[in-house]
Amino acid sequence: MDKPLVSIIVPVYNAELYLGPCLESLRAQSWPDLEIILVNDGSTDGSGEMCAAAARVDRRVRVLDRPNGGVSAARNAGLEAARGDYLQFSDSDDRMTPDATETLVRTAQSTGADLVLSHFFRVDGEKQAQRGHIKGERLLTRQEFAQEMVKAPANYYYGVLWNKLYRRPIVEKQGLRFEEGVSWSEDFLFNLEYLRHVRLVAAVPKPLYYYHKRPGSLVASQATLRKMLRMKRDTFDYYKNLYQDLDLYDEQKARIYRYLISSATDGTTLTLPGGGEKGRRPALQTDL
């Protein structure tokens, strides 16, 4: 079995307290053919030097230094620089299990899936719990996956990037990028657009990522209420249109509108000032 290159993109902003374990986990991956793209998004602490130090000791690490532009702009810079056959994403204050990349890639190779997603660990201080949604190892068509997602679309499992493996040729062919003017659910919007272009999705029930819930990581947004409501409405419209395009809207209409109700009652998962990652999440994290 060949060993394709995997690009792991990590936006970094003032993360020096947590970046060390993140970098260690990425460099310890059992999959040998990878590049680790650290996008230093205008950090004002020691994060930039930590990134540079990692690049000096590991040729697989590449550092992009840029003025602060927010997490979406940082991820887009990483996409522009990526050379891998596959893409992974990590937040700078989380960790991957040592076999994360290998498990995802081997699953993609053995199944032909265009998207692979896994369970994960939620870590809150000393507490750790496994989280996920699709049970067991499964290979699903795009329509079958959408029927699973509609049951809990606001679950981290579906909305975030870091428990998934993407094929970069699909991302590049379709010109997929993160909406830099969106400060709410931009991860979910990217996933919804990517889903339009996949044939098969593979679910791995094994947890491969440690999501760390940080004290005070969700803070009030600087966005106006009007802008926030518009973003929520636009996200719902995009979500609804996907199901219409898949000819699942009439069948799943009631569940689809449950997402609108859920997002309308949530006002906490917004933008961290200065482009931090943890405040930017899907609408309602029902499993966290």
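For the range 6-264, a crude dipole built from +1 on the beta carbon of Lys and Arg and -1 on the beta carbon of Asp and Glu, taken about the Cα centre, is about 560 debye to the nearest 20. Counting Lys and Arg as +1 and Asp and Glu as -1 over every other residue whose Cβ lies under 11 Å from the Cβ of Asp245, the net charge comes to +2. Inter-label distance, His197 to Glu179: 1.7 nm, where each label sits 7 Å from its Cα along the C-beta direction. Within the range 6-264, antiparallel bridges make up roughly 40 percent of the DSSP beta bridges whose residues both belong there. Placing a pseudo-label 7 Å from each Cα along the Cα-to-Cβ vector at Arg255 and Ala28 gives an inter-label distance of 3.8 nm. For the peptides 121-128, 150-157, residues were scored by their other Cβ atoms within 10 Å and the scores averaged per peptide; the highest-first order is 150-157, 121-128. Here the spin labels are modelled as points 7 Å beyond Cα on the Cα-Cβ line, and at Gln130 and Lys213 they lie 1.9 nm apart.
Listed by chain and number, the lysines placed with their C-alpha closer than 29 angstrom to that of Lys206 are Lys3, Lys127, Lys135, Lys151, Lys164, Lys278; residues fewer than eight positions away on the same chain are left out. In whole angstrom, note down how far apart the Cα centers of the range 1-45 and the range 93-155 are. Spelled out, the Cα-based centre of one part sits 19 Å from the other.
Net length available on complete extension from Thr44 to Ala81 is 11.0 nm, with 0.36 nm assigned per residue and the Cα-Cα distance removed.
All of the numbers you see were taken from the coordinates with simple rules; none came from a lab. Note that the structure is a prediction, hence the values are computed from the model and not measured. No Cβ is skipped: glycine too gets one built from the backbone with ideal geometry, and neighbour counts run over all protein chains shown.
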